[in-house]
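A.B. asks: Have a look at the structure that comes next, please.
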Amino acid sequence: MRKLLKTFLTLAIVSTFALGTMAQGTLKGKVVSESDNEALPGANVVLKGSSNGTTTMADGTFELSIDKNMGVVTISFIGYEPISVDFNFAKSSNVGTVALTPDALSLEDIVVIGSGIIDIASNRVTPIASTVVDKLEIQAKAVGNVEFPEVMKNTPNVYVANQAGGFGDAQMFLRGFDQSNTAFLLNGQPINGMEDGNMYWSNWAGMSDIANAIDIQRGLGSSKLAISSVGGTVNIVTKATEKQKGGFVRFIGGNGMFGKGTIGYNTGKMANGWGVSAMVDYWQGDSKWADGTKGKGQNYFLSIGKVMENHNFNFLLFGAPQWHDQNFSKSMSAYDRDGSGGDDVTIDDISKEEQRYNDNWGYKGGEYLSYRRNYYHKPVMNLNWDWNISDKSALSTVLYASFGRGGGTGPYGKSSQYRIYDTEGQMDFDAIVANNKTLEGGIGTSGTAAALRASANNHKWYGAVTNYSYDANEYLTINVGADIRFYNGDHFRELVDLFGLTAWEDGHKRYDAAKDSNGDYLVSKTYKANPWAALLNYAPEEDRIGYDNSEWINYQGVFGQLEYAKDAVSGYFQGAVSNQSYKKEERFSADHAQSETLNRIGYNAKAGGSYTIGGTSTIFANGGIYSRQPFLDNIFEYSTIVEREMEVANELITGLELGYKGNFANNTTIALNAYYTKWANRFVGFSAEDYVTSSNETVADAGIRMSDVAQVHTGVELEASTYITNAWKVRGFATIGNWVYQGSTPVQILDNDANSEVKDEFEIDLTGTKVGEAPQMSLGLGTSYTIDDFKIYCDANYYNNLYGLVDVEDVAAASLNNEEYQSEELDAYFLIDAGASYKIGESITVRANVYNLLNSTYISRKDSYGYFFGNGTTFNFGVTYNF
């Protein structure tokens, strides 16, 4: 009996195997997007109830070996609703074309966003070097006590320095160029400062809550604007009026007593075509990392959209009023509070507590106070209009405006009076008040007393960008458009705290100000360093001290583009020409003197082409030249209408790039780029303390001016990502560059305390000197894993070949001694960030993030004043409820 049963089981197993083998076959099909019938490469195809699966090829097709006659396969792709498809080999081995529907809940599609204005590189036929950070990654890593640009740091050649551990002071570098030389666009609107090109991330503190995507274009980029960036272009695309009805409430906490609450709601697209989305939040913290870096702010967002047959409209209002106290770079000896490093202090001598040291704050009457507070409120509004004129042509336009109010506080008066420290090395404001009260009549002057002032910067900015697109035929598309901006900025100083004085005698003695009986100009009124108060309550002309001037910048540009694509070949040409005018008024002069209106013409031209091999691999090349107008701050001496003595010409930028992009199975992508950028005719201005001239004269507050500076940046970038399994994604990048100065440059040393008097002039040769402030070698590796509703990620970054800012004094000394000079090389460092999220049911998501998990000690930057220590371990955690 036992033998018979054994024989029966053996036959059953063999029969089952044979039947399975006979039934085995290859299932074929194609996956496309329902919205445009375009192929979806990298979509997941899995036999239901098993781990047997594959991914679609570049043309959307797939082949999957299956060992059963019939069953179900599940097809999914990020941003689309998954679908189940029945198969039966007895009928067919091909399921045909399967169309996936966009998942509106995950995409949160918009009603309108100015599609013809916003240049996303992934929409371009001819590729460029670019990386897109999507909404999921932004929400996972950049919401909370994290600077918005930090979400971009896992991109090749993007470097983010935390800037002494405060809220909103991060600095971003792209291919070694700082953020004043990278173009930032918000829904097609330029947002770099018109006067100096700077980006102040504290003004955009709520960006992570409203951003749908960030498109980081390295090099010349694909923007059709008449805009000239050096490092690249960063397109920030915000959400607009969302199609789905619903809302959310979120609470976030973090280190340094950080807390943030947010609420948002969408009406969805209503039957009449209208829709409204709104969001508000409030945040505050005692510190992000360094001591004395308190902060507080709010964010608000409103979007109203209307869809018509051939027209889409969307109005957007966004603001982020905030204040945050600041910390600055210091010498190593200043960080070394206990003196353990002796005369030769190194990074190893500085403890974690000493790294957080900030000498800008203290107590006044028992209340916390900082000398250095940035406060600003910059509401931004824009109106997007998309007009589908016909099947071949469309017009897209954005009108925008912003009204910034605020500034930064600092000490005013005699340095020996405003720099009084207690035994802990913090500001002793009570001692400063006591000294002020000894002055006759309570009247302070710049030589006897100290006060707290604010340097106010108010602006009005209006602009428009428009683009007309025409499909000449199925292969050729033509774009033409215009970019117009009008800017007015007012700059002055006002008193914030008199520190016990009754009035301040301003040494500038304004020509039209009321004088006292002694002929002195006295100011007694103070103003709050608060972003909401600064909107309307700031010093009128009679209460302004130090300086008072205005600037006007008008910009008009036109651009055009031709793009051709047929089969495997594509190419494009872009050209633009622009005029920029500058004018400045000085209100402390006897006649409110104004400069002449200066005009500068600039242009750019760029072209590129690509060839696709086998539908999966593309090689491309592009190149271009820019003649970029200088910033207004480079043309005029600070706070005056006087043009600089040094010639400030248009900057000349040349860029060349060769690249490869590949898209393969398992969502595997590879990108390799080689680049060359030359930036010539630069003007560079910065400040330094206690500069010693060639005649051995010490200038306490020196202004350093350099003209005809040239930089050459060359390098290679590699970026790759793949899915090990359907749930496990791995990505990485590697960059290596050689960024050096080239040629000789004239230098002027000015005394900033003596109306910019020239104290020294000479020429230095910078050839071969390394460009500082960003690492010339970097490596990154990131991974994420999803298990049902639980997701975890980990990112590791390594930075090397990081140099400090060029020390002009040391270069000059080396030149006199016929010695070779090289920028100071900083230590390489390694960072790990990690986070996790878990979705509970359909409504609740909890999330936690840890940055610098290993609490590494490192120097992120060195400027002309000293070193910036990077942040130690920071963290946040949050709960979101969707309804």
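The values are calculated or read from the model by the stated rules, or taken from the named source; none is laboratory data. Just so you know, these numbers come straight off a predicted model, no measurement behind them. Cβ placement follows ideal geometry from the backbone for every residue including glycine, while neighbour counts extend to all protein chains displayed. Keep in mind that these areas ignore ligands, DNA and RNA; they rest on the heavy atoms of the full protein, side chains included. Shrake-Rupley method; radii C 1.70, N 1.55, O 1.52, S 1.80 Å.
A.B. asks: List every residue whose amide H lies under 5 Å from the amide H of residue 493, counting only residues 5 or more places away in sequence or on a different chain, with H placed 1.01 Å from N in the peptide plane.
C.D. replies: 456, 545, 547
A.B. asks: Next question, about the same structure. Report in % the part of the accessible area of the chain that belongs to carbon and sulfur, leaving out ligands and nucleic acids; probe 1.4 Å.
C.D. replies: That share works out to 55 percent.
A.B. asks: Express in Å², to the nearest 10, the accessible area of residue 526 obtained by rolling a 1.4 Å probe over the protein heavy atoms while all chains stay in place.
C.D. replies: Taking all protein chains as shown, residue 526 has close to 60 Å².
A.B. asks: For the range 430-578, just say rounded, prolate or oblate: build the C-alpha gyration tensor, square-root its eigenvalues into a ≥ b ≥ c, call rounded for a/c under 1.5, and beyond that prolate if a/b exceeds b/c, oblate if not.
C.D. replies: prolate
A.B. asks: Taking just the alpha carbons, could you work out the radius of gyration and Dmax for the chain, both in angstroms?
C.D. replies: Reported Rg and Dmax, both Å: 30.3, 128.
A.B. asks: Rounded, prolate or oblate for the range 333-390? Axes are the square roots of the Cα gyration tensor eigenvalues, ordered a ≥ b ≥ c, and the cut-off for rounded is a/c under 1.5.
C.D. replies: Working: a/c = 6.40, a/b = 2.23, b/c = 2.87.
It is oblate, given that a/c is not under 1.5 and a/b is not larger than b/c.
A.B. asks: Distance from the Cα centre of the range 134-149 to that of the range 402-458, in angstrom?
C.D. replies: That distance is 37 Å.
A.B. asks: Hey, what number do you get for the chain at 222 nm if only DSSP H runs of n ≥ 4 count, each worth -39500 (n - 2.57), divided across all residues, to the nearest 500?
C.D. replies: -2000 deg cm²/dmol
A.B. asks: Relative contact order for the range 624-777: what percent, with Cα pairs under 8 Å and sequence separation of 6 or more?
C.D. replies: After rounding, I find 18 percent.
A.B. asks: Now for a different question. So which helices of the chain fit the span-like rule, where a helix is a whole DSSP H run, its Cα atoms reach 30 Å or more along the axis, and its mean Kyte-Doolittle is at least 0.0?
C.D. replies: Going by DSSP H runs, the hits are 2-23.
A.B. asks: In straight Cα distance, which lysines are under 28 Å from residue 306, not counting same-chain residues fewer than 8 positions off?
C.D. replies: Within the straight-line limit of under 28 Å, residue 306 reaches these lysines: 135, 224, 239, 243, 245, 269, 378, 392, 460.
A.B. asks: Now for a different question. Grab the alpha carbons of the range 197-329, take their convex hull, and tell me the volume per residue in Å³.
C.D. replies: 138
A.B. asks: Now, a different point. Accessible surface of residue 296 in the full protein assembly, 1.4 angstrom probe, to the nearest 10 Å²?
C.D. replies: 70
A.B. asks: Follow-up question, since we're still on this one. What's the local net charge at residue 93, with K and R +1, D and E -1, over the other residues with C-beta under 12 Å away?
C.D. replies: On the way: positive: 28, 91; negative: 63.
Once all neighbours under 12 Å are counted, the net charge is +1.
A.B. asks: Separate question: Just the number please: accessible area per residue for the chain, 1.4 Å probe, all protein chains included, in Å². Working shown, then result.
C.D. replies: Numbers: 37050 Å² over 883 residues.
About 42 Å² of surface per residue is accessible.
A.B. asks: Students sometimes get this wrong: rank 392, 678 by accessible area, probe 1.4 Å, all chains present, largest first.
C.D. replies: Per-residue accessible area, sorted high to low, gives 392, 678.
A.B. asks: Under 1.5 on a/c is rounded, so check that first for the range 598-641, then, if it is not, pick prolate when a/b is larger than b/c and oblate when it is not; a ≥ b ≥ c are the square roots of the alpha carbon gyration tensor eigenvalues.
C.D. replies: prolate
A.B. asks: Just for the chain, what percent of DSSP beta bridges are antiparallel, to the closest 5?
C.D. replies: Of those bridges, close to 95 percent are antiparallel.
A.B. asks: Using a 1.4 Å probe and ignoring any ligands, DNA or RNA, find the accessible area of residue 453 and quote it in Å² to the nearest 10.
C.D. replies: Estimated to the nearest 10 Å², residue 453 gives 20 Å².
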